[in-house]
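> Below is a structure I'd like to ask you about.
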Amino acid sequence: MNANYDPRITPWQIREQDFPQEGSSAEKLEFLLRYAILAPSGHNSQPWKFSVRKDEIQVFADEMRWLRVGDPEQVNLHIAIGCALENLLIAAEHFGYGHQVTYCPRPNQKELVATVKFIPQGQPSPFREPALFRAILNRHTNRKAYEKRLIPKRDLNRIQDCCVEEGIRLHVIDDLDTKRNVNELLIRGHATLIADPAFRRENAYWLGQGLFNIPRLLTRLIQLVIPYLKVNRAVFAVMDTRLVMSAPTLAVLTASVNDRVSQVQVGQVFERVCLTATMLGLCVHPLSGAVDVPELKAQVAKLLPDSDVISQHVFRLGYAEPVKSPAQRRPVGEVLV
């Protein structure tokens, strides 16, 4: 790693003019990965790896960064990889590349999630707004309490338009009763997870990696204390309710099937939502507790108009004070294989 590399600053300061116009194909594709790694991921685990070839990038799951307790089926891992893949495709289109994505190309190599072939001077996708590219550097997960201010219908329509993949649906929830029901499931989900000492140890480990916007000393203290805390469900219920009910809008991404391809595509849609929200001055915060507990996952779906779907990702949308310090990112060199 470069001695001057600051993981909270350097990765977010990409200069478009540094794109290596006269460089090799591999150098150009490696530059695109600087945008891919700015994608969100659970616990900021960044569970992706990439292999750059002449005109192709292979996208891998990094199982060393898999949250085995909190995400035993690797759903959130593959959603995160979908987010990184979407950033990669948006950046590719901005720099004039077309692309062909093959999902899970080798069934006997499950860690290979996608292969992307790049075509110079290709055509952009009709559903990827050019302005999404600019939003990549400004997108940050916002965990603060949101304002009560309602989101204009026209902006919600633009958020809905982000969902184009077959079998993937985005359900927007803004009525109070359904929000309360979702909140109740989130509370139950978080209570179930946090009651597991193994889950708390895993949380403490990732906090200890210093990847969140938390002062280093406080991070170390939290890492030492969390595994031994007695669970106070009432406290977590109050915290969850404050976050959920402060937001004017909740949203649920669902899939018609539960397989690796649909999980990755849910991630792609979610990243387009995040970037579109950033363009519109909106904030996004994932709320995965209810869909991370199997017995609650189906109950979330029952709250939706189409109850025969699989709920994969829950998040809140709204307005809040901006995030002052971006989350850390590893340099591209550390995610290349």
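The values are calculated or read from the model by the stated rules, or taken from the named source; none is laboratory data. Bear in mind that the values here come from a model prediction, so they are computed numbers and not experimental data. Positions of Cβ are generated from backbone atoms using ideal geometry, with glycine treated the same way; all protein chains shown enter the neighbour counts.
> For region 94-104, which residues satisfy the criterion of being outside any loop (DSSP other than H, G, I, E, B) and out of contact with any Gly (no Cβ under 8 Å at 6 or more places or on another chain)?
Matches in region 94-104: HIS94, GLN100, VAL101, THR102, TYR103.
> Can you find a residue in region 300-312 that is assigned to a helix (DSSP H, G or I) and crowded, with 22+ Cβ neighbours inside 10 Å?
For region 300-312, residues assigned to a helix (DSSP H, G or I) and crowded, with 22+ Cβ neighbours inside 10 Å: present.
> Moving on to the next point. Just need a number here: residues in region 46-78 that are assigned to a loop (DSSP other than H, G, I, E, B) and in contact with a strand residue (DSSP E or B) (Cβ under 9 Å, 6 or more places away or on another chain).
4
> Looking at (1) among the aliphatic types (A, V, I, L, M); (2) buried (at least 19 other Cβ atoms within 10 Å of the Cβ); (3) without any contact (Cβ under 8 Å) to a residue 40 or more places away in the chain, which one does VAL101 not meet, given that it meets all the others?
Unmet condition: (2).
> Same structure, new question: All but one of (1) touching a residue at least 60 places away in the same chain (Cβ under 8 Å); (2) closer than 25 Å to THR278 by Cβ hold for THR178, so report the exception by its number.
Exception for THR178: condition (2).
> For region 58-68, indicate whether the set of residues that are in contact with a Ser or Thr (Cβ under 6 Å, 6 or more places away or on another chain) and of a type in the set (S, T, N, Q) is non-empty.
Yes, some residue in region 58-68 is in contact with a Ser or Thr (Cβ under 6 Å, 6 or more places away or on another chain) and of a type in the set (S, T, N, Q).
> Here's another thing I want to ask about it. Can we say VAL291 is under 27 Å from ILE194 (Cβ atoms) and in a strand (DSSP E or B)?
So VAL291 does not fit the description; no.
> Out of the residues in region 157-214 that are among the polar types (S, T, N, Q) and more than 18 Å from the chain's Cα centre (by Cα), state the one that is modelled with the lowest pLDDT.
The qualifying residue modelled with the lowest pLDDT is GLN209.
A quick yes/no check of all residues on (1) assigned by TED's automatic domain parsing to the domain that holds ARG260; (2) surrounded by 14 or more Cβ atoms within 10 Å (Cβ to Cβ); (3) among the polar types (S, T, N, Q); (4) in contact (Cβ under 8 Å) with a residue 40 or more places away in the chain:
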{"position": "LEU77", "(1), (2), (3), (4)": "no, yes, no, no"}
{"position": "GLU86", "(1), (2), (3), (4)": "no, yes, no, yes"}
{"position": "PRO105", "(1), (2), (3), (4)": "no, no, no, no"}
{"position": "THR115", "(1), (2), (3), (4)": "no, yes, yes, yes"}
{"position": "GLY122", "(1), (2), (3), (4)": "no, yes, no, no"}
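> Then there is this: Just the residues that are surrounded by 14 or more Cβ atoms within 10 Å (Cβ to Cβ) and under 23 Å from the mean Cα position of the chain (by Cα), please, taken from region 1-26.
PRO7, ARG8, THR10, PRO11, TRP12, ILE14
> Name the residues in region 37-94 that are out of contact with any helix residue (DSSP H, G or I) (no Cβ under 7 Å at 6 or more places or on another chain), within 26 Å of ILE119 (Cα to Cα) and polar (S, T, N, Q), would you?
SER51, GLN58 - these are the residues of region 37-94 that are out of contact with any helix residue (DSSP H, G or I) (no Cβ under 7 Å at 6 or more places or on another chain), within 26 Å of ILE119 (Cα to Cα) and polar (S, T, N, Q).
> Assess whether LEU253 counts as being surrounded by 17 or more Cβ atoms within 10 Å (Cβ to Cβ), under 18 Å from LEU85 (Cα atoms), out of contact with any strand residue (DSSP E or B) (no Cβ under 9 Å at 6 or more places or on another chain) and not charged (D, E, K, R).
So LEU253 does not fit the description; no.
> Sticking with this structure for a sec: Consider GLU111 against the criteria (1) surrounded by fewer than 18 Cβ atoms within 10 Å (Cβ to Cβ); (2) more than 19 Å from the chain's Cα centre (by Cα): it satisfies all of them except one. Which criterion is unmet?
So the condition that GLU111 fails would be (2).
> Now for a separate question. Against the definition (free of Cβ contacts under 8 Å to residues at least 40 places away in the same chain and within 19 Å of LEU253 (Cβ to Cβ)), how does GLN160 come out, yes or no?
Taking the combined requirement at face value, the residue satisfies it.
> Quick one: PRO11 ticks every box in (1) within 27 Å of VAL269 (Cβ to Cβ); (2) part of a loop (DSSP other than H, G, I, E, B) bar one, so which box is it?
(2)
> Let me ask something else about it. Answer yes or no as to whether ALA145 is outside the structural domain of LYS297 (by TED's automatic domain parsing), at negative phi and not in a loop (DSSP other than H, G, I, E, B).
no
> Still on this structure, please answer the following. Just to verify a result, which residue in region 47-57, among those that are surrounded by fewer than 24 Cβ atoms within 10 Å (Cβ to Cβ) and out of contact with any Leu (no Cβ under 6 Å at 6 or more places or on another chain), is nearest to GLN263 (Cα to Cα)?
Filtering first and then ranking leaves LYS49.
For (1) touching a Cys at 6+ places or on another chain (Cβ under 9 Å); (2) part of a strand (DSSP E or B), each residue gets a yes or a no:
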residue: ASP240; (1), (2): no, no
residue: MET245; (1), (2): no, no
residue: ALA251; (1), (2): no, yes
residue: THR254; (1), (2): no, yes
residue: ASN258; (1), (2): no, no
residue: GLN263; (1), (2): no, no
residue: GLY267; (1), (2): yes, no
residue: ARG272; (1), (2): yes, no
residue: THR276; (1), (2): yes, no
